[in-house]
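Just below is one structure, and these are the notes that go with it.
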């Protein structure tokens, strides 16, 4: 759907995107993650020609974006919907008029426009807000209007630029559910730019981690998070107060193991005591996955490690000195 | 005295309304290339913007009296005569167009760039963006600026009156000040005060309604 090869972008003499290469497959939800200023939004805007690029290639639905003329670019944009952090709705028009605007721009017949808008408002749960002014809507409702507008022209790709960053956590979840539902129902390819890890974990199948315009990691979300990929870890690191004695082990639970009570089984079977330092079970896409950090006394370390190896559990011995230093220092 | 006031009021209203209408039209038209070519515009063009920018500043720096006199041949060409209320409309409009263009440019620059970007993102043309997004979104602010324009033109029309345009300004000066009729002068000034108040309140009311 989108293929990026050695993309370079300069902005007033400064390189803001360095040699990026990746591709987004049809029907997937692809995340672009990074801190603010990492170049995520700029990268996203290269896909629909809102930003130009100086080197490399961006092919969207088979077309090289930088070579398109005015008319071709408009056609490409018709097939790519976009939603924004601040919704970017027209304040002086009501919900209906905002959603209908792309259809009017493309001169669709009035009857078709009305039918399509009614359909979209139904999909986004805004039917009763049809004639409401934008300023009377909550943030979540505004983003629903944004989504309805972005889908008006039946796009093949939806670009989401920090679409939930201005929303509270609960509303964020409802918007993510809506996006996921749309993705599944219309097999719509989505590229999601965000700095919120919850967003990535919940809806993105694959992700690109971007830092200062460089791609740090690329892969399946589940793998990158579970196996605590080095760069992503620097990005998401939660600090747990690790115990100074014994050995801290982080145990990962991929999907097939998450449901089994491995930890208690291990304690019973090996008859060892250990301390639970921290951990978390999380929803990644539709699966529950997680990790647990335990502290094992030195005398039982070998037994525990052997047990974990035998049961094929993913584990990692944490470099506790650093943590202890940070914590107690 | 009241007869003089009424006919002067009529002349003033004529000059202000007609010149406000044409300069609003001209100013909005001139604001379009300015907003297109401006540094944050849809098609930034530094050279074109510099030309427009300097021309606007140049015209605005002319003292109105001088501009009016310099424009006499042009006024005669357009209006047929060089003095009277109808003739005064020509220099009033020309003096106000660059001023209005600057005000409208300011109003259009206030439109959230995100809204413009969203329109671009679904394939709207520049003309669509300007006329279906920017102007409608900026309308309340444009209306408020047109009230400012009308008040400014009211002031200018008093000067035009002094060289044969008629109106309240001319009445206050020629009849009131020169002939020592304090009541005429004060009467004319009082009417001007009321007009300014009405224009500004009307502008504010529309602004509130449109927002």
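Rule-based calculations on the coordinates, nothing more; no lab input. Everything numeric in this text was worked out from a predicted model, so none of it was measured. Cβ placement follows ideal geometry from the backbone for every residue including glycine, while neighbour counts extend to all protein chains displayed.
Note on chain A: semi-axes of the ellipsoid equivalent to its C-alpha gyration tensor, largest first and rounded to whole Å, are 44, 23, 17. Legend: ranking of residues B:131, A:96 from fewest to most surrounding C-beta atoms inside 10 Å; resulting order B:131, A:96. Counting every other Cβ atom within 10 Å of each residue's Cβ, A:310, A:222, A:119 order from fewest to most as A:310, A:119, A:222. Counting Cβ atoms of other protein chains within 10 Å of each Cβ in A:77-90 and taking the mean gives 4. Its residue count N sets the reference 2.2 N^0.38 Å, and the alpha-carbon radius of gyration of segment B:1-85 equals 1.48 times that reference.
Over segment B:2-210, Cα pairs under 8 Å with separation of 6+ residues give a relative contact order of 27 percent. Expressed as an acute angle from 0 to 90° and rounded to the nearest 10, what is the orientation of the C-alpha long axis of helix A:95-105 relative to the principal long axis of chain A? In chain A, helix A:95-105 runs at an angle near 70 degrees to the longest axis. Projected label points at residue B:127 and residue B:112, each 7 Å from Cα along the beta carbon direction, are separated by 2.8 nanometres.
When B:23, B:132 are arranged by Cβ crowding within 10 Å, least crowded first, meaning fewest neighbours, the order is B:132, B:23. Of all DSSP bridge pairs formed entirely within chain A, close to 65 percent run antiparallel. Each peptide in B:107-113, B:42-48 receives the mean, over its residues, of other Cβ atoms within 10 Å, and ordering these scores from highest gives B:107-113, B:42-48. Model label points for residue B:40 and residue A:68, set 7 angstrom from Cα along the Cα-to-Cβ axis, are 2.6 nm apart. The C-alpha atoms of chain B define a longest principal axis, and helix B:46-61 lies at about 10 degrees to it. Using a simple spin-label model with pseudo-atoms 7 Å out from Cα toward Cβ, residue A:231 and residue A:107 lie 4.6 nm apart. For segment B:129-206 versus segment A:49-107, the inter-centroid distance based on Cα atoms is 44 Å. Taking the longest Cα principal axis of chain A as reference, the axis of helix A:139-151 is set at about 60 degrees.
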